[in-house]
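Here is the structure we will look at.
The values are calculated or read from the model by the stated rules, or taken from the named source; none is laboratory data. Quantities reported herein were computed from a predicted structural model and do not represent experimental measurements. Methodologically, a virtual Cβ is constructed for each residue, glycine included, from the backbone with ideal geometry; neighbour enumeration extends over all protein chains shown.
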Amino acid sequence: MTVADYSVGQRYSLGDENEFVEAGFRQRVLYPTDGPFNLGEIVYSRVQKKVALDTVAFAEVNVEQYQYGFKTRPTFTSGLQLLTRDDAQITLGAYLNNVYANGESVRQDIYRYGPQLDVLLRPTHWWEVTGMYRFANYSDHNTMNEVFARSGYLLLEGRRRLKALNTYQYLSYAQQSIFGTNPFDPVVGTIHPYFSPRNFSYTTLGLEWKHWLSCDTFKGANELWYLFYAGAGVDSNGQGYVLGNAQLNYDIAPWLSWVTEARITRAEVYNATGLSSFLVYRWR
């Protein structure tokens, strides 16, 4: 499945940097390998607002309409984000989203929903740890448990920053995929047409290099920096992966920024490529 998103949005400040309301429109085009392309039109809105000194409430609602398959429905993510005295960030939320894994998941109108817990810890100035647990109920009577952890450790600090990154992911589904009987396309007619392993884990290790080319490096300044990441991964089946990532941030003016990013994953059993680029225009 290839997914292309084209978005435009507008954000208004409600106070501090993390308090705002945003609204916009997104055109999403799905290109499955087992069916025709599917054009989706999405109207979205998001609001974040402090409800206490160190607690932020947030909610994003998207009304998604597609040419075929997915029924028109509101998808969403919402929750509360709490910052503790030890600078730990805890987020408890809920979500509902469509599952566009392939053409069959679109045709079967599969969606999922459930709770999610995120935690961010900074044990030291050099070390940052994040964790996530998510439970999902699928519309085709399946359930999922997912755990994700990420550790980042600064090896070099300054205008040239080097960081070691390690991630771990675990997935477990109650029921696995049962492929269809079509010899030319076994995905057609599949029960649970998405990646649904019984027990699957995936570990990565890599280095991230970030270099500031601008005079100032503090948040809010006009920054120019680039970032490269290279790493490797291995899953519980012994399959190896090669990973890469590149980013560029250019604050052209105090009111205009350009951000672009490219990601690749390469393996014998799985290949993925991602590219995003957008402009941010700010005014008072």
Can you name the residue in the range 51-87 that is at pLDDT below 95 and not polar (S, T, N, Q) and, of all such residues, is nearest to the chain's Cα centre (by Cα)?
L83
If we scan the range 253-263, do we find a residue that is assigned to a strand (DSSP E or B) and farther than 30 Å from Q10 by Cα?
no
Report every pair of residues separated by at least 6 positions or lying on different chains whose Cβ atoms are under 7 Å apart, first residue within the range 1-22 and in contact (Cβ under 8 Å) with a residue 24 or more places away in the chain and within 28 Å of A101 (Cα to Cα), second among the hydrophobic types (A, V, I, L, M, F, W, C) and part of a strand (DSSP E or B).
M1/L30; V3/L30; A4/V29; G9/A23
Among the candidates Y100, Y111, which residue alone is under 30 Å from P193 (Cβ atoms), in contact with a Leu (Cβ under 9 Å, 6 or more places away or on another chain) and modelled with pLDDT of 95 or more?
Y111
Take the range 78-103 and flag every residue that is of a type in the set (A, V, I, L, M, F, W, C) and not in a loop (DSSP other than H, G, I, E, B).
L80, L82, L83, I90, L92, A94, L96
Looking at the range 180-204 only, could you name the residues that are exposed (fewer than 15 other Cβ atoms within 10 Å of the Cβ) and outside any loop (DSSP other than H, G, I, E, B)?
none
Filtered residues of the range 100-138 (kept if among the hydroxyl-bearing types (S, T, Y) and in contact (Cβ under 8 Å) with a residue 40 or more places away in the chain):
Y100, S105, Y111, Y138
So is L165 closer than 24 Å to G244 by Cα, touching a strand residue (DSSP E or B) at 6+ places or on another chain (Cβ under 9 Å) and in contact (Cβ under 8 Å) with a residue 60 or more places away in the chain or not?
yes
Going through the range 23-32 one residue at a time, which ones are without any contact (Cβ under 8 Å) to a residue 40 or more places away in the chain and either within 19 Å of V99 (Cβ to Cβ) or not in a strand (DSSP E or B) (or both)?
R26, R28, V29, Y31
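May I ask you to say which residue of L248, L224, L243, L275 is exposed (fewer than 13 other Cβ atoms within 10 Å of the Cβ) and modelled with pLDDT of 95 or more?
On the way: L248 fails: exposed (fewer than 13 other Cβ atoms within 10 Å of the Cβ); L224 fails: exposed (fewer than 13 other Cβ atoms within 10 Å of the Cβ); L243 fails: exposed (fewer than 13 other Cβ atoms within 10 Å of the Cβ).
Checking each option against the conditions leaves just L275.
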Residue list for the range 33-56, restricted to those being without any contact (Cβ under 8 Å) to a residue 24 or more places away in the chain and assigned to a strand (DSSP E or B)
I42, V43, A52
Given R28, R46, which one is of a type in the set (K, R) and either over 18 Å from Q67 (Cα atoms) or in contact with a helix residue (DSSP H, G or I) (Cβ under 8 Å, 6 or more places away or on another chain) (or both)?
R46
